[in-house]
């Protein structure tokens with residue numbers, strides 16, 4: 001591997017940074033699958049066994065694997081990320097997550113940092129960035145190559161966890177630098193397409209924000225299209241292109257996941273949860289819930305609670 005004699009080869013530098021990240025994440029995730037941190041928007045994950053596809057919602061974020069490998073499935077598209085590649089999502093994306101490499105001896109370790117599209121817009125407006133080819137956005141997820149320039153600020157961000165009194169002042173600066181590095185990377189075009197006011201991607205992001213606040217209402221495509229200044233046909237086309245779902249399918253996904261949360265965390269029964277999220281028919285709710293999660297509501301919640309009890313024991 002080439003080197004100019006003054007710096008370590010890229011592979012050595014990358015491996016050293018990844019080891020530091022893996023050690024920091026491992027130390028803070030013992031006995032836990034997911035761990036929030038004191039840094040807003042930064043979470044860790046740890047998986048000690050291989051898994052099948054598990055339904056999830058990916059926020060606009062960058063996801064690194066410091067050890068192991070994972071895969072995100074969105075529609076029929078698979079995005080595999082590991083110690084060489086990172087995942088980026090520029091919209092709230094329903095999908096399925098799968099662990100491809102991980103064991104109790106060598107767990108899959110990684111982190112996710114929520115992206116701030118306002119920071120991206122500010123950087124685009126005020127900082128001179130390299131020219132990028134126009135992005136043909138057929139999805140809101142992408143895979144990029146991990147580089148030392150991108151990993152290095154992450155190691156500084158995690159180091160702040162050892163100095164809690166410095167997080168408020170310094171973490172926003174490091175997070176801004178990470179956004180800047182992404183805008184200089186191969187995924188920049190995708191971020192620009194979503195962050196640019198007036199673009200189709202930006203309008204779909206606004207549509208999703210509206211749906212998140214109104215998921216229990218009966219969805220009118222015409223009303224939603226007017227809200228984001230699109231025609232109904234254009235909204236439907238671009239929404240499906242970017243999320244692999246129609247707006248109605250996306251709303252159903254949000255409703256079912258919120259109902260699952262209500263049953264699991266707030267001890268609602270299935271009928272109450274169904275009505276709370278906008279269903280008028282408990283039987284339809286049960287059918288659609290079983291289709292998404294693989295089991296009827298009551299059995300699924302019992303399984304989740306037993307799994308949580310076993311993990312914490």
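The values are calculated or read from the model by the stated rules, or taken from the named source; none is laboratory data. If you're wondering where the values come from, they're calculated on a predicted model, not measured in any experiment. FYI the Cβ positions are ideal-geometry reconstructions off the backbone, even for glycines, and counts take in every protein chain you see.
Looking at the stretch 50-86 only, could you name the residues that are assigned to a loop (DSSP other than H, G, I, E, B), at pLDDT below 95 and more than 28 Å from residue 119 (Cα to Cα)?
Selection gives 51, 52, 53, 75, 76.
Given the criteria in contact (Cβ under 8 Å) with a residue 24 or more places away in the chain and surrounded by fewer than 16 Cβ atoms within 10 Å (Cβ to Cβ), does residue 217 qualify? Give the derivation first.
On the way: in contact (Cβ under 8 Å) with a residue 24 or more places away in the chain: yes; surrounded by fewer than 16 Cβ atoms within 10 Å (Cβ to Cβ): yes.
For residue 217, the condition - in contact (Cβ under 8 Å) with a residue 24 or more places away in the chain and surrounded by fewer than 16 Cβ atoms within 10 Å (Cβ to Cβ) - is met.
How many residues does the stretch 258-313 contain that are surrounded by 19 or more Cβ atoms within 10 Å (Cβ to Cβ), under 17 Å from residue 55 (Cβ atoms) and in contact (Cβ under 8 Å) with a residue 60 or more places away in the chain?
The qualifying residues number 2.
Among the numbered conditions (1) under 27 Å from residue 308 (Cβ atoms); (2) assigned to a strand (DSSP E or B); (3) touching a helix residue (DSSP H, G or I) at 6+ places or on another chain (Cβ under 9 Å); (4) touching a residue at least 24 places away in the same chain (Cβ under 8 Å), tell me where residue 35 comes up short.
Result: residue 35 passes all but (4).
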